[in-house]
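Engineer: Sharing a structure with you now.
Every number in this text was worked out from the coordinates using simple rules, so none of it is lab data. All values reported here derive from a predicted model rather than from experimental measurement. Using ideal geometry, Cβ is built from the backbone for each residue, glycine included, and neighbour counts are taken over all protein chains shown.
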Amino acid sequence: MNPLLIILLSPAIATCVLFLVPGENKKLVRAIALASASLALATALLLFVGIGDAPISETANAGTPEAHHYKHVMSVPWVESLGLQFKLGADGVSAAMVLLTAFIIFAGVIVSFTIQTRVKEYYICLLALVTGVFGVFTSLDLFFYYFFYELAVIPMFLLIGIWGSTTKTVDQQYATMKLVLVLSGGAVLALVGLLALYTHSGTFDMVALEQITIPRDMQMIWFPVIFIGFASLIPMWPFHSWSPAGHASAPAAVSMLHAGVLMKLGAFGVLRIAMGFMPEAAAVYLPWVGVLCCFNIVYGGMVAISHQDLKLVIGYSSSSHMGYVLLGLASVTMAGFSGAVFLMFAHGIMTALAFALIGWFYDQTHTRMMSDLGGLMRVMPFAGVCFIIACMASAGLPGFANFTSELLVILGAWESESLFTKLPAVLAVWGLVITGVYLLRAVKSVWYVDMPSRWENLKDAVTPIQKTPYVVLIAVLVFFGFYPKAMLDTIEDGIRPVFLRIQDARDAGDTAAALPQPLRDAAPDDADAREGR
Amino acid sequence: MSLGNLDLGNLDLGFLTVLAADAGGLVTSGFTSWAAWVILFTPLLVAFLVTAVPAIRKNNYLAAALSIGSVGLGLVLTLVVYFFPMLSEGGNVYEHIVSWVAIGDSALITFGTRMDALAVTMTLVVTGVGFAIFVFALGYMKGDESMGRFYGKFALFVFSMLGIVMSPNFFQTFIFWELVGVSSYLLIGYYWKKHSAGEAAKKAFMTNRVGDFGFLLGILMVWAAVGDATGAYGQGLYSAFDFTVIEKAIAGAGGLSELFWNNIGFAAIAAALIFCGAMGKSAQFPLHVWLPDAMEGPTPVSALMHAATMVAAGIYLVIRCNFIFAYAEWAPTLICWIGGITAFIAASMAITQNDIKKVLAYSTLSQLGYMTMALGAGAYTAAMFHLTTHAFFKALLFLCAGSVIHGCHHEQDMLKMGGIKKYMPSTHKTWVIGTLALCGIFPLAGFWSKDEILGAASSNTSIGMSATILWGVGTLVAFMTAFYMGRAWFMTFRGKYRGEHEPHESPKVMTIPLWILAIFSIFIGFVGVPGEGNLIEHFLHSWHVGGPAQFHMSVALISTIVAILGLVLAFKIYGKGTGKDPLPEKLGGLWTLWANLWYIDRFYLWLVRVVQQGIAKLCWWFERWVVIQGLFNATARGTRIVGEQVRQAHTGRLGSYVTSFVLGAVIVMILVLVQVKVGGGS
């Protein structure tokens, strides 16, 4: 059976089964959720390990250097008159993203064992959300891509709206509405662009779309639309403020999925659709993304410094770190692209770990303000050590995947000839300093120094099942930190085609710009002629 | 881009033979090539076991034994496999390199070990001094319930440090550079319940991060330039991070500046940026502020990391890539001056300290300033020599201080000590040896190495007048060094005991390491006696740039005289050991300036508290009022207002519907008419 289908169906079927289970039987509900997450994780691992050697089932631009191989492709016609089909398929990048999601939902299901109210409904929403995420990463048909995308947003609304919390810093209703409105708004913006692509090409098939050369003028109009639609999810500055607020009111596992996976949906869409289908426009616009991402990196970091609420700190830090992903994409170098995708993975795992740990003590303390905490190392040494590890990983300590990926981004940005990424690279290096400032402050004020006596009775994670999510996530960070080859070799086949096409477009653009005026006017016509119009 | 006269044909990006051609053979296979991996990774394995396996962590002595064993193994292996063969056969280079980060078929970043004369010397310092200190810590940390945790972190440090030492490329150096920073962070914050320890750990990490900011940019500049010139990045098997590739590219192009867009100062900037890294780790002005605070860590940590090895990493780095600095325009002059300034201000601060560890910390800063001065003057062997001797006697002094602190029931204030000579004879004797070695009294270790540095500084003709000034500063610092060391000696050991609980001599497990280090402090200087028998110069000859070190009789004489003067002056003022310090009145304003650390720390505190927080607040203000209120909420409000306005139309009254219908119809008709007219016109 197709592994992608197993991964997709596993949470989907579990969602349906949960509807039938009596809600009072919390143990059964949790067991079903855990079983489906474990099955998805196991399959995702097999998929990730085997994707390099799996037979190629479909290739875009076959026979050229830009050939893009898809594996495990399956398609079922759905509405033939419109050319809609249910089509799944994966390359290295999707495999990596699926693995990321699987790890996080596995950890998230276990972390959510502390949830006591409406357990059944909670897991239904959680698993429906993950079904949507898996769907986005594996769909090869734009219609279903969009369908799954929306499927991921709706449960998010319920999860934060029902199981979330209002704190001094953030109002729950406001945060929920904002998050859903921005996500939907971005999605609609992207949808407009996707429809434009459809009307031009007459197909939703992503493999086919990749092979169609969209006219340059059209690319120039629709690239920004689709890009902003997806990038508001990354979240790119200045469309980011839904994200920290959403974190701050979401329950732990939802924060984990939100920062760990939802943001990556945006970056994945940018890479696969905006940059993949419209390389010429990408070559023109990407340098400006290099400028915007500076705001993410530096400004996001500075705002993180100004906050006391740990979730807001990590929330803004996420937007800061996703700036590195944007920088990597903007650099148009293999190192930058690889670093960006690698960082999507690494950052996802790292933030999930951090949010899981914040959730662990927030459940007991009901405060996340750094000024209220302190000295918790005394009562929860295990959680403390894990938290310090998460912070160190985030601050770019060697030995963790984040270091390698961020450095690759910086190398890529520096390697690129363009000053639009060379100068941001300097700020990105300074970003490492800023990250250090707020994370070390968080470590010190939560775990070190004196502990207020009211925290005397807090409980550490002691049982194996409580420790599992943290240990698994740390192990993943360390494994890929020491052995980045495992990730880089896998994702390379998904990145290279995009890279080569944008590079070609850029080089062609440079040549066109260098031509004398009359020839430059003639050049687009030639391009049109080549496409046979 | 101009490549100067770089001959691309000659660039061999495979296994590199430049050094080997100079210095004997290049060994890339067999036990000798990968024994370094054993030396490097055993401490990591131990650190992991001790931290992750509760049974080992909770068994303090098992954890200690494993850690001591891993360092001891490193020492023995280095001696047997590398040092002795090198001594007898000449300088082989042993290397073992694997591809680590690769994109497609091209290795971007490699990982490996390279053992050459320089690396072996440094490894011996790290494992040798480290071994003595690890043993000492058995006694010092006795009774600390989390001793296992301590040894785990300590082993992690040894791993990180050895990683820097054996690194064959910049990227790997940077990796271990950061790891050293983290192990330092963890060990300074070892007593995490103390507020000051947490703050000090954070300060150390952040100051180093600022240095690393420059360091990484410098690496990137050199990498891109060399990669451009050699086509090494993205394509070649071996990356343009590799020291040998860089050296060869620079040599081929005829200077670093030739690799950049010709001669607009990028070479000097790149070199200065790389030096920023050294400035952070080796605590040079203006990034020196973290080192004194780092004394919050346990004393063995201060001895090994913040005196002997870790802080020497910056010096080591510059020696390792001296080919970058050699022709880097104004960079060496800058380095010289930074060294001189650090040496002087640190010595001035040391004079005002009453905490015995702080005196030694500022003294370390000052000595590192000497080494930096030597680096700027191009006297790399002299710097390495002083690094080695300093590692021994400064570690000794710190351990003596540790022994004193241990004996005085964790009292560090010298005003509350006094007369300890009587209670702790072994500690006293070794302290005196260490002090004399540090002051540069003939024939102890410091005499030989300090003389080489001062000699090099005075004869550094390339910087003109500055050479004389710097020599003067160096000599003045020698005087101040003797003075504050004498001050610490007499205040602590002479006179009557002023504390409450009677001190006691430390156990054998602590005094034996003291004596071992003391013996080295006496004799290690002889490896660098100028002339034919100069062992260290012979051993490091491939790293020697310029002619062999000269013995400067006048320099040696002057510096010895001022050192003795300093000790005598200290004896006159503090010799009675009364526990009173008349210096504040005598020095007046100068004392205030020195005691307040030249107000540098306060300035930084202001930067962090006011400037950085101000910018952060400003960003949050912008976020709150412009992004959230302006962009998001205003959009929401706008939508609502539009909705309310549109709702007005749905009045439910037939009359208004008919009116708007007619109005609409009229507008449509006008539009159609206009369009027809326009269309007809064209």
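Engineer: Principal axis extents for segment B:332-413, Cα atoms only, whole Å, descending order, please.
Structural biologist: 46, 24, 11
Engineer: In addition: Select from B:GLY418, A:PRO469, B:PHE447 the residue farthest towards the positive end of the dipole of the protein assembly as shown; place +1 on Cβ of Lys and Arg, -1 on Cβ of Asp and Glu, and compute about the Cα centre.
Structural biologist: B:GLY418
Engineer: Give the long-range amide H neighbours of B:LEU26: residues separated by 5 or more places, or on another chain, with amide H under 5 Å away, using H modelled in the peptide plane at 1.01 Å from N.
Structural biologist: Under 5 Å from the amide H of B:LEU26 lie the amide H atoms of B:VAL93, each far enough along the sequence or on another chain.
Engineer: Shifting gears a bit: In whole Hz, with x marking every Gly and Pro, tabulate ³J(HN,Hα) for segment A:248-259 from phi via Karplus 6.51 cos²θ - 1.76 cosθ + 1.60, θ = phi - 60°.
Structural biologist: Each residue's phi maps through the Karplus curve to give 5, 9, 7, x, 3, 5, 6, 4, 4, 5, 4, 6 Hz.
Engineer: Could you tell me which of A:GLY374, A:VAL29, B:LEU26 has its Cα farthest along the dipole of the protein assembly as shown towards the positive end, charges placed at Cβ (Lys, Arg +1; Asp, Glu -1), taken about the Cα centre?
Structural biologist: Comparing the listed Cα positions along the dipole, A:GLY374 ranks first.
Engineer: Cross-link candidates for A:LYS485: which lysines have Cα within less than 25 Å, leaving aside residues fewer than 8 places away along the same chain?
Structural biologist: Output for A:LYS485: A:LYS71, A:LYS264.
Engineer: Please give the average number of partner chain Cβ atoms lying within 10 Å of the Cβ of each residue in B:200-208, rounded to a whole number.
Structural biologist: On the way: counts 0, 4, 7, 1, 0, 7, 5, 0, 2.
Average neighbour count from other chains, rounded to a whole number: 3.
Engineer: Does anything in segment A:209-250 have its amide N under 12 Å from the 7 Å Cα→Cβ label point of B:PHE622, and if so which residues?
Structural biologist: Flagged as within label range: A:238.
Engineer: Take A:TYR198 and B:THR578, extend 7 Å from each Cα along the Cα→Cβ direction, and tell me the distance between the two endpoints in nm.
Structural biologist: 9.5 nm
Engineer: Describe numerically, in nm with one decimal, the distance between label points set 7 Å from Cα along Cα→Cβ at B:HIS409 and at B:LEU535.
Structural biologist: Each label point lies 7 Å from its Cα, and together they span 4.5 nm.
Engineer: Residue by residue through segment B:640-649, which ³J(HN,Hα) values in whole Hz follow from phi under the Karplus form 6.51 cos²θ - 1.76 cosθ + 1.60 (θ = phi - 60°), with glycine and proline marked x?
Structural biologist: Values, residue by residue: 5, 5, 4, x, 5, 5, 5, 4, 3, 5 Hz.
Engineer: Hey, for a label at A:ILE465 modelled as a point 7 Å past Cα toward Cβ, could you say which residues of segment A:100-138 have their backbone N under 18 Å away?
Structural biologist: Within reach of a label on A:ILE465: A:105-124.
Engineer: Still on this structure, please answer the following. Taking every DSSP beta bridge with both residues inside chain B, roughly what % is antiparallel (nearest 5)? Show your work: numbers first, answer last.
Structural biologist: Details: 11 of 13 bridges.
Taking every DSSP beta bridge within chain B, about 85 percent pair in antiparallel fashion.
Engineer: Continuing with this model, one more query. Between B:PHE603 and B:ASP144, what is the spin-label point distance in nm, taking each point 7 Å from the Cα along the Cα→C-beta axis?
Structural biologist: Roughly 3.5 nm, to one decimal.
Engineer: Classify the protein assembly as shown as rounded, prolate or oblate from the Cα gyration tensor: take a ≥ b ≥ c as the square roots of its eigenvalues, call it rounded if a/c is under 1.5, otherwise prolate when a/b beats b/c and oblate if not. Working shown, then result.
Structural biologist: Values: a/c = 2.07, a/b = 1.68, b/c = 1.23.
Note, shape of the protein assembly as shown comes out prolate.
Engineer: List A:HIS240, A:HIS258 from most exposed to least, where exposure is judged by having the fewest other Cβ atoms within 10 Å. Can you show the working numbers first?
Structural biologist: On the way: A:HIS240 30, A:HIS258 26.
Exposure proxy ranking, most exposed first: A:HIS258, A:HIS240.
Engineer: Also: Run down the aspartates and glutamates and flag those whose C-alpha is under 16 Å from the C-alpha of A:LYS422, throwing out any fewer than 8 positions away in its chain.
Structural biologist: A:GLU406, B:ASP228
Engineer: For chain B, what is Rg from Cα atoms divided by 2.2 N^0.38 Å, rounded to two decimals? Please list the in-between numbers first.
Structural biologist: Numbers: Rg = 31.3 Å, N = 682, 2.2 N^0.38 = 26.3 Å.
Cα Rg divided by the expected 2.2 N^0.38 Å: 1.19.
Engineer: Taking only the alpha carbons of chain A, what extent do you get along each of the three principal axes, in Å, biggest first?
Structural biologist: 79, 52, 42
Engineer: Do the sum for the protein assembly as shown: with -39,500 (n - 2.57) for every DSSP H run of n ≥ 4, divided by all residues, what is the mean residue ellipticity at 222 nm, to the nearest 500 deg cm²/dmol?
Structural biologist: -22500 deg cm²/dmol
Engineer: As an exercise, take the mean of 1/r over every pair of distinct alpha carbons in segment A:275-323, invert it, and state the Kirkwood radius in angstroms. Intermediate results must be reported in sequence, preceding the final value.
Structural biologist: Working: mean 1/r = 0.0848 Å⁻¹.
In segment A:275-323 this quantity evaluates to 11.8 Å.
Engineer: Taking every residue in B:614-624, how many Cβ atoms of other protein chains lie within 10 Å of its Cβ, on average?
Structural biologist: Numbers: counts 1, 5, 10, 4, 3, 11, 8, 2, 4, 12, 3.
For this peptide, the per-residue mean of nearby foreign Cβ atoms is 6.
Engineer: Another one. Ranking A:ARG368, B:ARG653, A:ARG118 by Cβ neighbours within 10 Å, fewest first, what do you get?
Structural biologist: Numbers: A:ARG368 24, B:ARG653 9, A:ARG118 13.
Ranked by crowding around the Cβ, least crowded first: B:ARG653, A:ARG118, A:ARG368.
Engineer: For segment A:331-411, treating each Cα as an identical point scatterer without solvent, what Debye log10 I(q)/I(0) comes out at q = 0.16, 0.19 1/Å?
Structural biologist: Once normalised to I(0) and log-transformed, intensities are -0.65, -0.80.
Engineer: Output the pairs from B:LYS416/B:LYS580; B:LYS394/B:LYS421; A:LYS26/A:LYS120; B:LYS203/B:LYS358; A:LYS311/B:LYS153; B:LYS193/B:LYS281 with a Cα-Cα distance over 18 Å in this structure; if there are none, say none.
Structural biologist: Numbers: B:LYS416/B:LYS580 10 Å; B:LYS394/B:LYS421 20 Å; A:LYS26/A:LYS120 7 Å; B:LYS203/B:LYS358 16 Å; A:LYS311/B:LYS153 29 Å; B:LYS193/B:LYS281 26 Å.
Violating the 18 Å Cα-Cα cut-off are B:LYS394/B:LYS421; A:LYS311/B:LYS153; B:LYS193/B:LYS281.
Engineer: To continue, here is another question. Which whole number gives the average count of other chain Cβ atoms within 10 Å of the Cβ atoms across peptide A:446-458? Let's see the in-between values first.
Structural biologist: On the way: counts 0, 3, 11, 8, 3, 1, 0, 0, 0, 0, 0, 0, 0.
For this peptide, the per-residue mean of nearby foreign Cβ atoms is 2.
Engineer: May I ask you to evaluate 6.51 cos²θ - 1.76 cosθ + 1.60, the Karplus curve with θ = phi - 60°, for each residue of segment A:409-423 and list the ³J(HN,Hα) values in order in whole Hz, giving x for glycine and proline?
Structural biologist: Values per residue, Gly and Pro as x: 4, 5, 4, x, 5, 6, 5, 4, 6, 6, 5, 5, 10, 5, 5 Hz.
Engineer: Please order B:MET310, B:MET221 by the number of other Cβ within 10 Å, starting at the fewest.
Structural biologist: Details: B:MET310 26, B:MET221 21.
With the fewest neighbours first, B:MET310, B:MET221 line up as B:MET221, B:MET310.
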